[in-house]
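Participant: Take this structure, written in C-alpha cells, and hold onto it; I'll ask about it next.
The values are calculated or read from the model by the stated rules, or taken from the named source; none is laboratory data. Please read all numbers here as calculations on a predicted model, not as lab measurements. Every residue, glycine among them, receives a Cβ derived from its backbone with ideal geometry; neighbour counts consider all protein chains shown.
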Amino acid sequence: MADPESRYRLVPYVSPNGKKPVQEFLNSLEETDPDAAAVFYDLIAPLVKKHGGALGMPHFKYLPPTDFSEIRWDGKDRGHHRVYCTIESGGRILLLHGVTKRWPKFTHGDKRICKKRYSDYCSGEYDYQGRLSNSE
C-alpha cells in the first residue's frame, strides 16, 4: 500500500536490457557505504516522496540550465552521493543516474548519461513493464 504522505513516486529508469542503473548504484552503496544507503532509504527517499522538488537544499537541487535535478546526501570519506533525476507529470520522479562524487559540478559525462537515458525514456520505444521482463 502506498504511503498516504507521499505525493511523488520514485521511478527508476530501466535500460533496454532490463537493467536499473540507479538501483544497481544503490545496491553497490549498500556494500561500500551501508550507512549512506540507509540514510537514502530511511530519510532521503521518504522526504523526496513527500516534498518532491520543493524539498530544496541540502537534499534536492535543480541543475539549470538542464531539465535535471539531483537528490543529494553525504557518505563516508567525503563521498557525496547523487541520484540525478527529472520530475515528470503525475508526481513521477524519474531516477536516471547515480554516482558518488568528489567534485563540485554536474560533469559533462554525467550530463550526457542523463540526456541519453531521458531521451530514451521520452521515445516511443520506452516500455517500462516490457523492459522489466527483459531482466528476468
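Participant: Do you know which residues across region 46-62 are in contact with a Ser or Thr (Cβ under 9 Å, 6 or more places away or on another chain) and surrounded by 18 or more Cβ atoms within 10 Å (Cβ to Cβ)?
Facilitator: Lys49, Phe60
Participant: Applying the selection to region 69-111, what residues are at pLDDT 85 or above, of a type in the set (Lys, Arg) and outside any strand (DSSP E or B)?
Facilitator: Within region 69-111, Lys111 is the sole residue that qualifies.
Participant: Does region 37-71 hold any residues that are of a type in the set (Ser, Thr, Tyr) and in contact with a strand residue (DSSP E or B) (Cβ under 7 Å, 6 or more places away or on another chain), and which are they?
Facilitator: Tyr62, Ser69
Participant: Take the conditions buried (at least 16 other Cβ atoms within 10 Å of the Cβ), more than 26 Å from Arg112 (Cβ to Cβ) and either among the hydroxyl-bearing types (Ser, Thr, Tyr) or modelled with pLDDT of 95 or more (or both) and apply them to Ser6. Does it pass?
Facilitator: Working: buried (at least 16 other Cβ atoms within 10 Å of the Cβ): yes; more than 26 Å from Arg112 (Cβ to Cβ): yes; either among the hydroxyl-bearing types (Ser, Thr, Tyr) or modelled with pLDDT of 95 or more (or both): yes.
Taking the combined requirement at face value, the residue satisfies it.
Participant: Another question about this same structure. List the pairs whose first member sits in region 31-57 and is at positive phi, whose second member is hydrophobic (A, V, I, L, M, F, W, C), and whose Cβ atoms are under 9 Å apart, counting only residues at least 6 apart or on separate chains?
Facilitator: Pairs that qualify, where the first residue is at positive phi and the partner is hydrophobic (A, V, I, L, M, F, W, C), are Gly52/Phe60; Gly52/Ile87; Gly52/Ile93.
Participant: Next question. Filter region 112-130 down to residues that are surrounded by 11 or more Cβ atoms within 10 Å (Cβ to Cβ), at pLDDT below 85 and not acidic (Asp, Glu) and give me whichever is nearest to Val39 (Cα to Cα).
Facilitator: Restricting to residues being surrounded by 11 or more Cβ atoms within 10 Å (Cβ to Cβ), at pLDDT below 85 and not acidic (Asp, Glu), the top hit is Tyr128.
Participant: Here is a follow-up. Return the residues of region 16-46 that are over 24 Å from Tyr128 (Cβ atoms) and touching a His at 6+ places or on another chain (Cβ under 6 Å); say none if nothing qualifies.
Facilitator: If the condition is that a residue be over 24 Å from Tyr128 (Cβ atoms) and touching a His at 6+ places or on another chain (Cβ under 6 Å), then Ala36 is the only one that fits.
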